[in-house]
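Student: One structure, pasted below without further comment.
The values are calculated or read from the model by the stated rules, or taken from the named source; none is laboratory data. Small disclaimer: the values here were computed from a predicted structure and weren't measured. When we count neighbours, we look across all protein chains shown, and the Cβ atoms used for this are built from the backbone with ideal geometry, even at glycine. For the accessible areas, the whole protein counts, side chains as well, though only heavy atoms, and no ligand, DNA or RNA atoms are used. Shrake-Rupley method; radii C 1.70, N 1.55, O 1.52, S 1.80 Å.
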Amino acid sequence: MGMAIVYTALGVAAGLAGEGLSAALQNPWVLGTFAVLMAILSLSMFGFYDLQVPAALQSKLSGVSNRQSSGKLAGVFVMGAISALIVGPCVAAPRAAALVYISQTRDVVIGGAALFAMAVGMSVPLILVGVSAGALLPKAGKWMDSVKRFFGVLMLAMAWWLVSPVLPAAVQMMGW
């Protein structure tokens with residue numbers, strides 16, 4: 001529910017913002033910035049650098065997590081809200097599309113309900129993994145390198161797709 005409330009708030013905010021959000025996100029500078037960021041992040045998938053949370057922050061978060069008593073609903077709620085922020089980049093494209101649609105309709109109810117449903121749907125796999133105590137997770141191995149490279153290529157394609165609305169058709173085709 002923590003994740004669902006964060007997403008619902010985003011949906012309501014997009015409904016209240018109106019078309020201003022849509023216009024702001026279609027700015028060539030915004031699209032270009034997100035595309036460059038996506039391309040830089042894809043380099044991590046190819047092994048050019050390792051992207052990790054700083055050690056000081058990791059130890060601080062680990063300490064906070066260890067101090068929480070197990071089985072408390074408030075702790076689970078907070079972890080869900082935090083995971084909405086952590087998982088955010090993974091679902092940036094579909095969430096951005098939903099936010100743009102919601103901002104164009106200016107419907108606060110649809111906005112909140114749509115992003116609530118999206119968050120609940122995203123939570124189901126997390127709940128299944130948690131209930132299975134990790135039994136459903138695949139074992140790490142060399143095959144993960146292929147998966148990382150595949151997602152690196154997808155991230156580069158996403159970067160190109162993001163800037164394609166502001167590029168001439170010939171440049172788009174040459175890029176693909």
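Student: How do Tyr7, Tyr49 stack up against each other in accessible area, from largest to smallest, with a 1.4 angstrom probe? Let's see the in-between values first.
Tutor: Values: Tyr7 0, Tyr49 70 Å².
The most accessible residue leads, giving Tyr49, Tyr7.
Student: Could you name the lysines whose alpha carbon sits less than 17 Å from that of Lys139, not counting residues in the same chain fewer than 8 places away?
Tutor: Filter leaves Lys148.
Student: ³J(HN,Hα) across region 158-172 via Karplus (A = 6.51, B = -1.76, C = 1.60, θ = phi - 60°), whole Hz, x for Gly/Pro?
Tutor: Per residue, the Karplus-derived 3J(HN,Hα) values read 5, 4, 5, 4, 4, 8, 4, x, 9, 9, x, 4, 5, 5, 4 Hz.
Student: How much of Val109 can a 1.4 Å solvent probe reach, expressed as accessible area in Å² and rounded to 10?
Tutor: About 110 Å², ignoring ligands and nucleic acids.
Student: Still on this structure, please answer the following. For region 89-176, which trypsin sites (Lys or Arg not before Pro) are both in a DSSP coil and crowded by at most 12 other Cβ atoms within 10 Å? Before the final figure, lay out each step's value.
Tutor: Working: sites: Arg95, Arg106, Lys139, Lys142, Lys148, Arg149; in loops: Arg106, Lys139, Lys142.
In loop regions of region 89-176 (DSSP not H, G, I, E or B), the sparsely surrounded trypsin sites (Lys or Arg not before Pro) are Lys139, Lys142.
Student: Students sometimes get this wrong: rank Trp160, Trp143, Trp29, Trp176 by accessible area, probe 1.4 Å, all chains present, largest first. Kindly include the intermediate steps, with their values, before the conclusion.
Tutor: Values: Trp160 70, Trp143 120, Trp29 200, Trp176 155 Å².
In descending accessible area the options line up as Trp29, Trp176, Trp143, Trp160.
Student: What full-extension length gain, to one decimal in nm, is calculated for Val153 and Arg106 as 0.36 nm per residue of separation minus the Cα-Cα distance? Don't skip to the answer; put the middle values down first.
Tutor: Numbers: separation 47, 0.36 × 47 = 16.92 nm, distance 3.50 nm.
Here the segment from Val153 to Arg106 would lengthen by 13.4 nm.
Student: Probe radius 1.4 Å, ligands and nucleic acids left out: which of Asp50, Asp107 has the largest accessible area, and how do the rest follow?
Tutor: Values: Asp50 125, Asp107 50 Å².
My answer, sorted largest first, is Asp50, Asp107.
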